[in-house]
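Read the structure below first, then the notes.
The values are calculated or read from the model by the stated rules, or taken from the named source; none is laboratory data. As the structure is a prediction and not an experimental result, all values here were calculated from the model. So basically every Cβ, Gly included, is an ideal-geometry build from the backbone, and we count neighbours across all protein chains shown. Ligands, DNA and RNA are stripped out before the accessible areas are found, and what is left, the full protein with its side chains, is counted by its heavy atoms. Shrake-Rupley method; radii C 1.70, N 1.55, O 1.52, S 1.80 Å.
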Amino acid sequence: TVSTLAHVFEAAGIATIALGSVRKQIESTAPPRGLWCDFPLGRPLGEPGDAEFQHRVLAAAFALLDATEPVLAEFDEAITDDGAEMLACPLPPRHDPDAHPAVDEDRGLRAAYDRGVEMSGGRFAAGRAVGADGIPAAIESFIRIAEGTAWKEAGVPGLPMRVAHDIRGYYETAALAMVDHAPPAWAGTRWFYDQTETGKVMLAARTAMREQGAPQPMWFYLTPGDR
């Protein structure tokens, strides 16, 4: 989509530069001026907080404005996420023994989530399909799916994959408020699926939806593809 828009803008006389983290994708979409940066997805300018590095990326991108023919350049430094680092985020103790562990966990993280939203200036927050106040009910709908309820009858408050993204976003925003450094790009995701009760629910719900014969996009995008 970005590359298509770039061609439209270029045709109107507006110079563009597209940055991409997936080489095959930026090669196949062929923007007029493209810079491939071998960085983890979600970090198009590199490490958070490293202004000097980010300015070097921007300088390399702006240098492509001198090109008079289509060009695809490669940034000269890569950033790898080897998948080894896991966030060390303390999960709240059980508070309500009558609630499902995932729902109780979610409620216990609300204060950390609110701090995370404030720290990010509102950039990180649930809300694409369901807001923070609706996250417990959304988790309960996936619990019902995991326990055997048909996915269409479980009360998921929106498209399952979008609701799932808000749930994960809620947890990762809370996690960022509980660590004192910028973690690798996927460390929060690994923490969510490997250490939290809600992560376990989402994995189980994904399996249940697949076994129920739900349309592939409805269950596949509940979690990252490698899950």
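Observations on the structure shown:
- Accessible area in square angstrom per residue, region 1-136, 1.4 angstrom probe: 61
- Two tests apply to each whole DSSP H helix in the chain, Cα reach of 18 Å or more along its axis and mean Kyte-Doolittle hydropathy of at least 0.0, and none passes both.
- Sorting 169-177, 108-116, 200-208 by average packing, meaning the other beta carbons within 10 Å per residue, from highest down gives 169-177, 200-208, 108-116.
- Theoretical ellipticity at 222 nm over the chain - DSSP helices of four or more residues, -39500 (n - 2.57) apiece, nearest 500: -14000 deg cm²/dmol
- Cβ charges +1 (Lys, Arg) and -1 (Asp, Glu), total dipole of the chain, debye: 680
- Per-residue SASA remark: THR29, around 60 Å² accessible (1.4 Å probe; ligands, DNA and RNA not included).
- In the calculated pair-distance distribution of region 132-182, the portion above 18 angstrom amounts to 36 percent of the Cα-Cα pairs.
- Given their separation in residues at 0.36 nm each and the Cα-Cα distance between them, PHE9 and PHE220 gain 72.6 nm when the chain is fully extended.
- Relative contact order (percent, whole number), the chain, Cα cutoff 8 Å, 6+ residue spacing: 18
- Here the chain exposes an accessible surface that is 54 percent carbon and sulfur, computed with a 1.4 Å probe and the other protein chains kept in place.
- Segment LYS152-VAL22, length gained on full extension (0.36 nm per residue, minus Cα span): 43.4 nm
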